[in-house]
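Okay, so here's the structure we're looking at.
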Amino acid sequence: MTYDTRFERSLVVMAGEAAGRAFESLEHRWRVLRRLAGRHAGFFTIGQVTRTGCEVRVRAGLADGSVTRAGVGLLRLGEWVEGPLDEYAMWAAWFDGAVAVSHQSAAELHGLGRLGPRFLHLSVGAGRPPVTPRLVVLRRRLAGTDVESAGSFLVTTPVRTVLDLAEADIGQSALDEVVGDAVAIHRCAIEGIRSASGYLPPHAAARIDRALAGV
C-alpha cells in the first residue's frame, strides 16, 4: 500500500469519526431539549430550541408530527397527552420555570373558596411576559418556602396564597371563605396563618384576623 493510499484511508476514517461525533452531539442536544420539555408536560420554547441548537431536529419534528405548535413561541412534544393543567405547564415553560401560579388561580388549584378567576394569575421572578389578555403577571421573587410543586409547574403554598389574597382586592366575605376552607380541609393551621400574617401590612393583617375570627 502506498503512502498516498494510506493517507486517503486515514482521511476517510477521520471523516467517519467526525461524523459520528457530530451525530452524538446532535443527539445529546436533542436529549437536553427533551429533558427541558419534560419538566413542563412536554412544552418548550423557541428560545430553548435555539440555545440547545436543535433547530433542524425541531423543524423535522414539525414536519412529521412529533413536535406540535402550542402558541406563539411555544412548542410541544407530540407524545404528550393533553391534560387539564396544560395551560399552567405551558406558561411555566415560557418563563423557564421562574414562575408560580398565585393569588386567585392558586386558590382555585388548592380548592379554597369559590373565586372563579377569569384570568390566570402568575408571580414571575424573571422573563418577558407574553402579550395575551389571559394572564395577570405580578413581578416579584418568592422564597422557596412560599411555593410547592404541582408536577409540571409551581404554585404558591396555601398559606402564601391566603396572605396574597388578604393583600388583594377580593372582598372580605370571599377571603373569609378562602381561610375557612384552608383550615377545614387541613391545608393550613390557624396558628400558621396567624403567625405568617404578622409580616403583612396592617390592613391586610386585620383582614386575616377578621377571617380567622369566624373559623
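Filter the chymotrypsin sites (Phe, Trp or Tyr not before Pro) in segment 82-181 down to the DSSP loop ones having no more than 15 other Cβ atoms within 10 Å, then list what survives.
F119
Answer with one residue from A196, A143, V178: the one whose Cα lies farthest towards the positive end of the charge dipole of segment 92-213, charges on Cβ with Lys, Arg +1 and Asp, Glu -1. With unit charges placed on the Cβ atoms, the residue in question is A143.
Is any helix in the chain, taking whole DSSP H runs, at least 15 angstrom long along its axis by alpha carbon and on average at least -1.0 on the Kyte-Doolittle scale, and which ones?
Both cut-offs are met by 3-38, 172-184, 202-213.
In loop segments of segment 60-120 as defined by DSSP, the GluC sites (Glu not before Pro) with at most 15 further C-beta atoms inside 10 Å of their C-beta are E79, E82. Summarising the overall dimensions of the chain from its C-alpha atoms, the Rg and Dmax are 24.7, 96 angstrom. Does segment 131-182 come out rounded, prolate or oblate by the C-alpha gyration tensor, with a ≥ b ≥ c the root eigenvalues, rounded set by a/c under 1.5 and, if not, prolate when a/b is larger than b/c and oblate if not? In terms of gyration-tensor shape, oblate.
For segment 92-213, the Kirkwood hydrodynamic radius from C-alpha pairs, put into Stokes-Einstein at 10 °C and a viscosity of 1.306 mPa s, yields a diffusion coefficient of 109 µm² per second. For the chain, a crude dipole built from +1 on the beta carbon of Lys and Arg and -1 on the beta carbon of Asp and Glu, taken about the Cα centre, is about 480 debye to the nearest 20.
For the chain, the 222 nm mean residue ellipticity estimated from helices alone, with every DSSP H stretch of n ≥ 4 adding -39500 (n - 2.57) and the total spread over all residues, rounds to -16500 deg cm²/dmol.
Any read-out appearing in this document is the output of simple, stated calculations on the displayed coordinates, not a laboratory observation. Here the structure is a predicted model, which is why all the values come from computation and not from measurement. Cβ sites come from the backbone with ideal geometry, for glycine too, and all protein chains shown count toward neighbours.
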